[in-house]
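Heads up, the thing below is written out as structure tokens.
Each value in this text was obtained by applying a stated rule to the coordinates, not by laboratory testing. Keep in mind that this is a model prediction, so the values were computed, not measured. Note that we place each Cβ from the backbone using ideal geometry, even for glycine, and neighbour counts take in every protein chain shown.
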Amino acid sequence: MFRCLYLIGFLSMIWVAAQDIVPDDPEVQMQMHAMFYTARVACADENMIPYANVLQFNNTGDLPDDKDRATSMCYFNCFFEKSGLMTDYKLNTDLVRKYVWPATGDSVEACEAEGKDETNACMRGYAIVKCVFTRALTDARNKPTV
């Protein structure tokens, strides 16, 4: 009986360890951050939105209900597409886990399913991005800091 419990505990630890994300080396991280910056600037040029909308979304996972809402949705869809975090409404799991939040379980699949019936590209992409951010913010709030 104790051997069985020990084996289950040991296998659980191996499974959890396998979920760990290996960070990129500093040079690759710098390249990725430069690429994210390039994507952010390009999308800001294409979708002129108030910076306050970006800040609100990054802090709450939601956009203000104003005249810039649709353009803001296009901005976030654009950023995820141009940065490589998402291609054709499919999330790049490795990039999302390294640079946005360490998605676990069925989070990626659940977020990709968001807005799948939406015909507007910006709204469909935004639904996925919002799901990712909402889950990331929820995970961050639920993890104690030491």
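Using C-alpha pairs below 8 Å separated by at least 6 residues, the relative contact order for segment 103-143 is 38 percent. For a straight C-alpha distance cut-off of 16 angstrom, the lysines reachable from LYS82 (same-chain residues fewer than eight places away being disregarded) are LYS90. Were the residues from ASP117 through LEU55 laid out at 0.36 nm apart, the gain over their Cα-Cα distance would be 19.5 nm. Calculated translational diffusion coefficient of segment 42-104 (4 °C, 1.567 mPa s; Stokes-Einstein with Kirkwood radius over alpha-carbon pairs) equals 104 µm²/s.
Could you let me know the centre-to-centre spacing of segment 27-53 and segment 73-94, using Cα atoms, in angstrom? Going from one Cα centre to the other spans 12 Å. Model label sites at ALA110 and ASP24, defined 7 Å from Cα along the beta-carbon direction, differ in position by 2.7 nm.
Highest average first, the peptides 78-88, 40-50 ordered by how many other beta carbon atoms sit within 10 Å of their residues are 78-88, 40-50.
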